[in-house]
Every structure is written in structure tokens, then in C-alpha cells.
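*Asks:* Can you read through this structure? Questions will come right after.
The values are calculated or read from the model by the stated rules, or taken from the named source; none is laboratory data. Only a predicted model underlies this, so the values are computations on that prediction, with no experimental measurement involved. Positions of Cβ are backbone-derived with ideal geometry, glycine not excepted, and every protein chain shown enters the neighbour counts. Please note that ligands, DNA and RNA were not included when accessible areas were found on the heavy atoms of the full protein model with its side chains. Shrake-Rupley method; radii C 1.70, N 1.55, O 1.52, S 1.80 Å.
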Amino acid sequence: MTADLLPLWVLLSSLVASVAIFGLSERRVATRTAINLVAAVVKLALVAVMLWGVYQGARYEVRVAFVPGADLLLRSDPLSLLFISLSAVLWLATTIYAVGYLEGAPDRSRFFGFFSLCVASTMGIALAGNLLTFFLFYELLTLSTYPLVVHRGTAASLAAGDRYLAYTLLGGGLLLVGVAWLHATAGGLEFTVGGALPPPGDAAPSYVACFALLVAGLGVKAALVPLHGWLPVAMVAPAPVSALLHAVAVVKAGAFGIARVIYDVYGVRLADTLGLLRPLAAVAATTIVYGSLRALTQDDLKRRLASSTVSQLSYIVLGVATFGQIATVGGLVHLVHQGLMKIVMFFCAGNLADELELHRVSELDGVGRRMPLTMAAFTVAALGMIGLPPVAGFVTKWYLGAGALDAGAPWVVGVLLTSSLLNAAYFLPIVYRAWFGVRREAWPPPAGRLEVRPTLLGPTVVVAALALAAGVFAATELSPLRWVELIAAQEYGP
Amino acid sequence: MSALATLAPALALAAPLLLAALLVVPRLRALVARAAPLAALPALALALAPAASAPLELPGVLLDVRLGAVDAVARGFLTFTAILWLVAAWSAHAYLGDHPRRAGFWAWFLLAMAGNLGVVLAGDQVSFYLWYAVMSLAAYGLIVHDRTDAARHAGKVYLIMALLGDVLVLAALLLASGGGDNLALAAVPAAVAASPHAGLIGVLLLAGFGVKVGAVLPLHVWLPLAHPVAPAPARALLSGAMIKAGLLGWLRFLPLGELAQPALGAAWIALGLTAAFHGAVVGVTQRDAKTVLAYSSISQMGLMMVGVGVALTAPAAAPIATLAVVAFAGHHALAKGLLFLATAVIGPGLGRLGRALLAVGLGWLALELIGAPLTGGAEAKHALAVVTAHGPRPALVAALLSVAAIGTTLLMARTLWLLAARVREPAASAGPPPPGLWLPWAALVAADLALRLRDASLGPLLEPGALWKATWPLAAGLLVIAAAAALARRGARLPQVPAGDVLVGFAGLGARAAAFGRALADRAERVDAGLRARRARLDLGGRLARAGRALDRLDDGAARFGVVGLVLAALFGGLVALLAGGA
């Protein structure tokens, strides 16, 4: 095992787990759990080694000829490490959560098999070194997520699955056309810091068209309005899947892809010159406000969270599509911050559903007394989403706002602050009901000493603490913020 | 500089936070309630310490926060803030008794205390905003403590307005920062002065901090609603200490002394004077002493706004204007805080001696607030009058300030009259108030009186001009009261303006805004539905679903996903093998 093959090992750790679990009979719970956890921990360790290496300046690369003119290429750079570290950490948390959440449920081999496959694809997306490799893993992610969305097999989840496939396959198609066209126009297109495309010359119109195709294809997963319709429906899936969709893998793959296309394919300067950023920023701003408006009226807790994801994801896109180093920092760091905060919220929704069968916001009166730690975690995440210090969300808002002013786009600050108020308007009622609401009858008592099973409570509390830490220690050496500043400095480098 | 002096600001903040953390352990809660007054002691010691403390830098924490050096402004604010929290914590213990939610009260109380002290001690933009937000949110918990409908309504109005204010403040901070750097507070005024957006920043600060100050009409509406419903110690703290944090925000972030902003300054002065009169006029019509006092706070904060306005207009006068405003804030904090605390002491169970002592104390506090000759209030008002000489239309402003003092006289008379009526009420619960409630109050009133007697700088106050200025509004006010009393005997009654005055009009507006919001949301729903319908016509999903179902039929049973999964994994494995082979 040479260090160069590290990206491959990271992929394999999930893939092997996936194959092993598919082959496992349904009853071998302990073995399955052991495989899941060992795979998650091994991957985390491998990612940590790779992170350290990349921090020291090393780059790992695995390349093989695939089709003429394009290789399959896995490569680790700071941007891919940002995504991979987030996914590896949250995958471990989600695996533990899922083991607890699905205790006693049917079809768990199938579930965890696809679950691992899903994460393996995400690792591929993050490590992809060119558009072709990116595309392959992007499609694998679509296919391996579908069985998770329809896992329950109910009519609602099958309908959600149909919707999901319709949207994502359409997006995949657009992406494929874009990749092929750009390939024909400009050649191999390995991701390069500062941009891979040669100066456009006569090809500028093709560049613009390809950009539109690529972003539309990626925008489906990133839930840009009007391509977002699948996300709120897909919330019928079990809580760990929601976590996967909303924080660890799927939507992140879209946002990450948009960042890759802008920074490492087109290059932010070229994208700006071609006038590609402004329209994208406008779409993102629209999405931010639209998602929040939709979230206001949802009584179903997970639906409200899903609408909020639509809004919050576009913070990333907005930051990435605003020309300026500070805005880039704000956008990319939200990749991590949104993941941490939103996964906590879905874990909490899962806890409420699992322990007390609560699914609606209007049922949450007084639940803070029965499940204090769960609701404390939710409160931390909600305050972060609103953008209050010291939670991570504040750091995002600060950099996005400052970046927008720096880029001469003060209207973005207006959008951000409107979104803050809207966030408060749909998250604080939940917090209010939990802590200040009055419930007449008693809650059913917990089965054990804790408010909910430790496998559910542990990940919830730990990730909430991480969301807090990402804000409180934002300016320390190994924080997501510092890492992202490194990336942005390179992308805007001389 | 010793280590203790450097760490003192951190200690002052850590004390309430640590106590709040101890509340998690049920067995320690009673201890926390007893120890709460002590949490203000490090801050008080820091305020009174002769040596200046050095700024404490915490690199790495939240965009490199700093706790600032204790400058003159911080020292002034810290003194009255710490004293007020100490006394309020002391009396809150007796006030709560065995209230079932007392643990929750202490949690909010200690958090709000940390926030309030943190705002004063903050050394940079981000930590100011952090503590300001902590205080804002924690104060909500104090306001809704009683969980009555009125408290919940007041809490809701407060929270909505506070968040609105916070968001505007954040916009101002971002504009002031320019490039995203977290500026030290000492560098902010110069940065704002140099910013091309100085005017916009000023407007954002006016509205943003104005919500908290309560004197920027119509952003004051939360104040008369929140004060009567909050528990007495919280009431005292809201008016005494917490709304002053907004004032401190102005002193910290406006380019005072760096840039002349005559238009903004005039707006500050005009709004301040408007609030001074509005508070008096609406306040005297109230039927609850607590609401009258709340309106009096609006009026008094308006006077402080005048000082800020002068500093904005005339940079040369900014240093003395700032000091005058800080002194006025300290004077008002103690007098108003004690008046609010007295509303909890007073009741039908008081004995004869108690009534007499209370009457003396209340009378003294009222005279203080009116600024009667030789009181601390007279001193504060005199300083403010000196400052206004540097601003626009000095004669007019000075005259209006004196007229405002008539209003204060009326408000105080109304308060005392309403409180006296409370004593005569039939006793619902007999028995004198517990010593824990009146002792802190009496101690502080006595201390205030004694300090006044000891080190009053009477010189300038004894000049005939100053003496006359302090006396005539009081006399005029008394005349008005006499006339009103005569009218009242003939059966004339004051009209009552509902507490929150213009909010009643806003409520209609708010309902309309809510309807608009709902319409917007409906609209979004319809757009979504339209998209859905269009998709349904395309029936892509349907076709795919049919294809999917056909596949389902191909291999039915639970195993089907396992098979598909293995195929996918094989595909995946093929890719990986390719990669591995090429490496």
C-alpha cells in the first residue's frame, strides 16, 4: 500500500463494506454493525492521513486511461479534502444513528449496502480529478441513493423515489451533454486550480452554453429553484437517509460540483469575464428567499427542514458565484457549516419521531422537558442557521456579507439578512414550542435512563457540539474556515 | 501588569456563565440562587479598580475576539450595570420564593447578565455582537417568565423587534468592517468615518440599536408592553441596564469625534426630543405604575439621544457629550432601576414605619429623576445642558429639555399616586414583604443618598441660573398637577392610551403584513403546483414510474434490491479495478 493509492483506499473502504453487507443475511445484525462501524472508522483514519498529507503539501493521484482523450482520475487537493472530511465525519455519525434508528426494521442488509455504496460514490465525486470521472460517480450516487429514498416501500416513498429519479436523471443527462460538449470544445479538462479552460476565442458562446448545461445538471442536486422539487418530497425517507440527502452526500455533491466547475474548470476570473456569475448569483438569491418562504408554512417538521435546506444550500452557491476571495470563503465554508447544522436538525426530527412519534411542529409544545438534550441540540443548530454567534452559521454570514460588500454587491447583504429574519420566523416557533409551550398531559416515560436511545442521542449531541465548535474555534489553525481560506487564496492566486 | 488584571474581564464574564452552567445539576440550583448576586462582584471590582486593565486577546476564538481595555465609557457603564445586576439578583431570590420555574428564571437571568456585562467589556465587533445577541435572547426568557397571555404577547413583540434590530446592527457592522476584518472597537469610529457608507451605517445603527434604546419612535412599542409583565427584578434590569446596551452601541459604533454628520445628528436630537415628550404625554394617561415608569424610560432615553445627536453634529464636543451621556445613563439606571424594584416592595401588607421609609425613598428617587435642585439628576441634566450649547439651535433645545422636565415631574407624580393607591388596596395576602425584597432596595437607596451627600460637586449647581433651571420645571409641574387634581375633583378623567400606543395601529398593519406573507406563500405554493401540473402533463415521472414498476415485476421479492445493489457494486468495482490497474 503506497501513499499514492490513498484515494483508492478511501473509495474501497466503503465499497468493500457495501459488498460484504449485500452478501450478508438479514439476521446477522452484529456482524453487519461491526462491518459498518469498522468501515466508517477506517475511512475516517484514511481521510485523516490524507488530510495531514495534503496539509503538508502532498497531492495523491491515481490515473488510468479510460476513453481516448480522457482518463479516469482520482486526485486529492484541498477542495476535495474539504468535502471528504465532512462526509467521512458525518458518515460515521450517520452510521451509528442509522444502526440505532433501524433497529428491528426489515431489509437492513439492503439498506446498509446501498448506504455504503452511496458514501463510496460521494468519495468518488469529491476525489474526481476531471469532469468525466466526476460525472461517473455523480450518476452512481443517483442510482445508489434511489433504493434508500424508497426504502420504506410505501406509496408515498415510491412516489418520492419516482420524483427523485425523474429530476436527477434529467440533471444527469444535462450534465452529460455539458461535459461532452465542453470536452469536444476544449479537450481533457482536468480540474486545475485557477481554471483549466484555455482562453475562449471564438468558442465563448459554447463556453456559456456548456456552463448553463453543467450548472443546470448540478443544480438539480443542489436544489436550485426551479430544480428543487424533488427535495421536499424525498423527506418521506427514514431520518438517516434525510441526513445523507441533506448534509452528507447528495445536495452537497451538487453544490460541490458547481464550485468545481466555476473554480477548477472555468476558473473564477474567466467565469466572471464571461458574465456567468451574476445570473447564477441571482438564481441563488432567489432560491434563498423562496426556500425560506416555503418553509414558513410547513407544519410537517421534516418538510420545513427540507425547505430550509433548499434555502441554505444556495448560500454556498451564492458565495461561490460572487467574485471575490471573501465571498468564496463564505460560500465554501458553508459546505461544512450547513452540513453540520442541518444533520443535527434531521437527527432531532428522527429522535422526536422515533421516541414520541412527533412529526408536526404543532405537536411540539413542551417537548423540551421530555427531550432536553435533543431540543438543546436543535436550538444550537437553529440559532446557527439564523446566523447568531457563536454557532458556525454566523461565520458563514459574516464572510458572505463582507464578501458581497467587497465584491460591490450590497444587495446580497439584504438577501442574507432577509433570510436571517425568515430563518428566525420558521425556526424560532419550533424552539419556542419546545421550551415555552405548555402540554397538558404527561409524556410517555423513556424506556431507559436517557431521553432516547444512546445510538440516536450520541450522534445528535456530538455533531451539535461540532457545529458550535466550528464557530467558536473558527479562527484556529485546523478549523474549516482556515482550510477554506487556503483554498480561496489558491483559486484567486496570482 | 499582573496576571489578575489581565484576566479580570474574563473573570467578570465567566462568573455568571459558570453559575448558569451549574444549574444543570438539580442539587446545586438552590446554591446558585443564593450565589447569583456574587456573580456581579468581579465586574464591580473591575469597574471600581484604580488600575486600568489591559485588553485580553483570545486568538482563534470566533474570529479572534478581544476583551477590551476598560476605558472611561466602559467604566461608567460597568459600574451601574454591575451594581444593578447585583441588587436585582439579591432581591430576585426573595421575589421568586418557591416559584416552580425559578431554575429557568436563573438560567435566563445569568445568561442575560453575562450578555450585558459582555457588551460593556467587548473589545471587538464580533464579540460585541455576540454578547448583544446573548442579552437580547436571554431577556426574552425573563419577559415571558410568568407565562401569562400578556407576557407571551409582550415577549413576541419584543423578540420580533429585537431580532429586527440585531439584523440591522449586523448590516451596520459588516459595512463598518469593510473587508470582513473583525475590527477592534477602538478602531471602529475611524473606520466608519472613512467608509463611503458612513451615512447608511448611521441610519442602520439608529434603527438597529434604537429598538433596544426604546426612544426611537415607533420602535419603542415593545417597551411599555414588556416592562409591566416581567418579574420586578427583570423590569428593573431592562430599564436600568439592558436598554442602555443600545446606547452603548451608539457610543461604540458611531463615528463620534471623527466625522460631523449634521443631518444624522439633527435626526437624533429631533427623535430624542419627540420621545421625551411622547413618553411623558402617553405615560401620564396610564393606570399601572409600571407602565408609567416604562414610558418615563422612553422619555429619559430620549434625553440621552439628544446628547448623542450633539456629538454627531459637533465632533469637537463629542468627548464631553459622550461623558455627559454616560453620566446621565448611570444616573437614570440607578434611579429607574430602584423605582421599578420598589413596585415589588409596595403592597397592602406594609406597616406604618415601612410606609414612611418607602415614602422617603420613593420621594428621593422621584426628585432624582426629575432633576430637582441639588440632586444627582440635576447634575446629569446640567451636564447635558452644557453639551447642547455646542449643538444646533442651542437655545431651543435647552428650552425643550426644560419643558421635558415638566413632563418628568408629571410622570413621577402619577407614579407615586398610583403606588400610594396600591398601599390602600384591600390586602389579598397579608403580611409585610420579606426582608430579602426590601433590604437590597433600601440599602441601595441609602447608599445613593449617602454618596450624594458626601461627594456632590455642588458648586455649579448652586449658581442661581442652574438653580432656577432645575427648580422651575418642578414648580411648573406641581402647578399642572394642582390644576389636574382640581379638574379631577370635578369629575374630569384622563383618557387612557393603550400601552404600546402606536402598536395598536401596527397590529392592523401587522395583520395586513401577515396576510400579505400568507398570500406570498400561497402564491409560491401555486407556482409549485403549476410546475407540478406541467410536469404531470409531461408525465415524465409517470413514465419513469411505469418503467420502474415494470422492472419491479421482473424480479419481485425482497432480494431484488440486493441483486441490483450487487450489480451496481460490480460496476463500481470495475471502475475501481480499472483505476487500480492503471496506478
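*Asks:* Just a yes or no: is a residue in segment B:401-409 open to solvent by less than 60 Å² (accessible area, probe 1.4 Å) and either among the charged types (D, E, K, R) or assigned to a loop (DSSP other than H, G, I, E, B) (or both)?
*Replies:* Checked against the condition, which is being open to solvent by less than 60 Å² (accessible area, probe 1.4 Å) and either among the charged types (D, E, K, R) or assigned to a loop (DSSP other than H, G, I, E, B) (or both), segment B:401-409 yields no hits at all.
*Asks:* Residues in segment B:185-207 that are more than 14 Å from chain A (Cβ to nearest Cβ) and either open to solvent by 30 Å² or more (accessible area, probe 1.4 Å) or free of Cβ contacts under 8 Å to residues at least 60 places away in the same chain (or both): how many?
*Replies:* Adding up the residues that qualify gives 5.
*Asks:* Do any residues in segment B:357-376 that are basic (Lys, Arg) have Cβ atoms under 7 Å from those of residues that are open to solvent by less than 10 Å² (accessible area, probe 1.4 Å) and not in a helix (DSSP H, G or I), where the two are at least six apart or on different chains, and which pairs are they?
*Replies:* Hits for this filter: zero, empty list.
*Asks:* Right, another one. How about segment A:50-90: which of its residues are open to solvent by 10 Å² or more (accessible area, probe 1.4 Å) and part of a loop (DSSP other than H, G, I, E, B)?
*Replies:* Result: A:Gln56, A:Gly57, A:Ala58, A:Arg59, A:Tyr60, A:Pro68, A:Gly69, A:Asp77.
*Asks:* Going by what's in this entry, would A:Glu103 be described as assigned to a helix (DSSP H, G or I) and open to solvent by 10 Å² or more (accessible area, probe 1.4 Å)?
*Replies:* Considered against the rule, which asks whether it is assigned to a helix (DSSP H, G or I) and open to solvent by 10 Å² or more (accessible area, probe 1.4 Å), A:Glu103 comes out as no.
*Asks:* Right, here's the next one. If only one of B:Asp181, B:Asp146, B:Asp166 is in contact (Cβ under 8 Å) with a residue 12 or more places away in the chain, within 18 Å of A:Trp398 (Cα to Cα) and either of a type in the set (D, E, K, R) or open to solvent by 20 Å² or more (accessible area, probe 1.4 Å) (or both), which one is it?
*Replies:* Going through B:Asp181, B:Asp146, B:Asp166 in turn, just one is in contact (Cβ under 8 Å) with a residue 12 or more places away in the chain, within 18 Å of A:Trp398 (Cα to Cα) and either of a type in the set (D, E, K, R) or open to solvent by 20 Å² or more (accessible area, probe 1.4 Å) (or both): B:Asp166.
*Asks:* When A:Asp107 is evaluated against the numbered criteria (1) more than 10 Å from chain B (Cβ to nearest Cβ); (2) at pLDDT below 90, which criterion, by number, is the only one it fails?
*Replies:* All conditions are met except number (1).
*Asks:* What single numbered condition from (1) open to solvent by 40 Å² or more (accessible area, probe 1.4 Å); (2) within 11 Å of chain A (Cβ to nearest Cβ); (3) touching a residue at least 40 places away in the same chain (Cβ under 8 Å) fails to hold for B:Trp108?
*Replies:* (3)
*Asks:* Which one of these does B:Leu78 not meet: (1) open to solvent by less than 40 Å² (accessible area, probe 1.4 Å); (2) within 16 Å of B:Ala138 (Cβ to Cβ)?
*Replies:* (2)
*Asks:* Would you point out which residue out of A:Leu450, A:Leu457 is more than 10 Å from chain B (Cβ to nearest Cβ), within 22 Å of A:Thr379 (Cβ to Cβ) and part of a loop (DSSP other than H, G, I, E, B)?
*Replies:* Matching residue, one of A:Leu450, A:Leu457: A:Leu450.
*Asks:* I would also like to ask the following. Of (1) within 12 Å of another protein chain (Cβ to nearest Cβ); (2) in contact with a Gly (Cβ under 8 Å, 6 or more places away or on another chain); (3) open to solvent by 10 Å² or more (accessible area, probe 1.4 Å), A:Val310 satisfies all except one. Which?
*Replies:* Of (1) within 12 Å of another protein chain (Cβ to nearest Cβ); (2) in contact with a Gly (Cβ under 8 Å, 6 or more places away or on another chain); (3) open to solvent by 10 Å² or more (accessible area, probe 1.4 Å), only one is false for A:Val310: (3).
*Asks:* Let me confirm something: among B:Leu338, B:Leu323, B:Leu350, which residue is more than 25 Å from B:Glu463 (Cβ to Cβ) and under 25 Å from the mean Cα position of the chain (by Cα)?
*Replies:* The match here is B:Leu338.
*Asks:* Any residue in segment B:366-378 that is outside any loop (DSSP other than H, G, I, E, B), among the acidic types (Asp, Glu) and over 24 Å from the mean Cα position of the chain (by Cα)?
*Replies:* Checked against the condition, which is being outside any loop (DSSP other than H, G, I, E, B), among the acidic types (Asp, Glu) and over 24 Å from the mean Cα position of the chain (by Cα), segment B:366-378 yields no hits at all.
*Asks:* For segment A:281-297, what are the residues that are without any contact (Cβ under 8 Å) to a residue 40 or more places away in the chain and closer than 20 Å to A:Ile430 by Cβ?
*Replies:* A:Thr297
*Asks:* Go through B:Arg518, B:Arg493 for me and flag whichever is in a loop (DSSP other than H, G, I, E, B), charged (D, E, K, R) and at pLDDT 70 or above.
*Replies:* B:Arg493
*Asks:* If the Cβ limit is 7 Å and pairs must be 6+ apart or interchain, which residue in segment A:130-156 that is more than 10 Å from every other protein chain (Cβ to nearest Cβ) pairs with which residue that is open to solvent by 10 Å² or more (accessible area, probe 1.4 Å) and among the small types (Gly, Ala, Ser)?
*Replies:* A:Asn130/A:Gly188
*Asks:* Given the structure, is A:Ala249 in contact with a His (Cβ under 7 Å, 6 or more places away or on another chain), open to solvent by less than 20 Å² (accessible area, probe 1.4 Å) and either away from every other protein chain (no Cβ under 14 Å) or free of Cβ contacts under 8 Å to residues at least 60 places away in the same chain (or both)?
*Replies:* When the stated conditions are applied, A:Ala249 does not pass them.
*Asks:* Pick out the one residue from A:Gln325, A:Gln298 that is open to solvent by 10 Å² or more (accessible area, probe 1.4 Å), within 12 Å of chain B (Cβ to nearest Cβ) and under 28 Å from A:Leu82 (Cβ atoms).
*Replies:* Criteria check complete, one pass: A:Gln325.
*Asks:* Looking for something on the phi > 0 side of the Ramachandran plot and within 14 Å of chain B (Cβ to nearest Cβ) - is there at least one such residue anywhere in segment A:475-485?
*Replies:* no
*Asks:* Additional query: Looking only at helices (runs of 4 or more DSSP H) that lie completely in segment A:344-406, which have at least 3 residues being within 11 Å of chain B (Cβ to nearest Cβ) and farther than 21 Å from A:Ala239 by Cβ?
*Replies:* Those helices (runs of 4 or more DSSP H) span A:392-406.
*Asks:* Within segment B:39-65, how many residues turn out to be crowded, with 23+ Cβ neighbours inside 10 Å and in contact with a strand residue (DSSP E or B) (Cβ under 6 Å, 6 or more places away or on another chain)?
*Replies:* Number satisfying all stated conditions: 1.
*Asks:* Looking at (1) modelled with pLDDT of 90 or more; (2) in a helix (DSSP H, G or I), find the lone condition where A:Ala247 falls short.
*Replies:* (1)
*Asks:* Same structure again: Within segment A:441-473, work out how many residues are open to solvent by 60 Å² or more (accessible area, probe 1.4 Å) and under 28 Å from the mean Cα position of the chain (by Cα).
*Replies:* Qualifying residue count for the region: 6.
*Asks:* Taking into account only those residues within segment A:397-440 that are surrounded by 21 or more Cβ atoms within 10 Å (Cβ to Cβ) and of a type in the set (Phe, Trp, Tyr), which is nearest to A:Ala376 (Cα to Cα)?
*Replies:* A:Phe427
*Asks:* Turning to a different aspect of this structure: A:Met235 versus (1) in contact (Cβ under 8 Å) with a residue 60 or more places away in the chain; (2) over 30 Å from A:Leu158 (Cβ atoms); (3) assigned to a helix (DSSP H, G or I): which is the lone unmet condition?
*Replies:* The number of the failed condition is (2).
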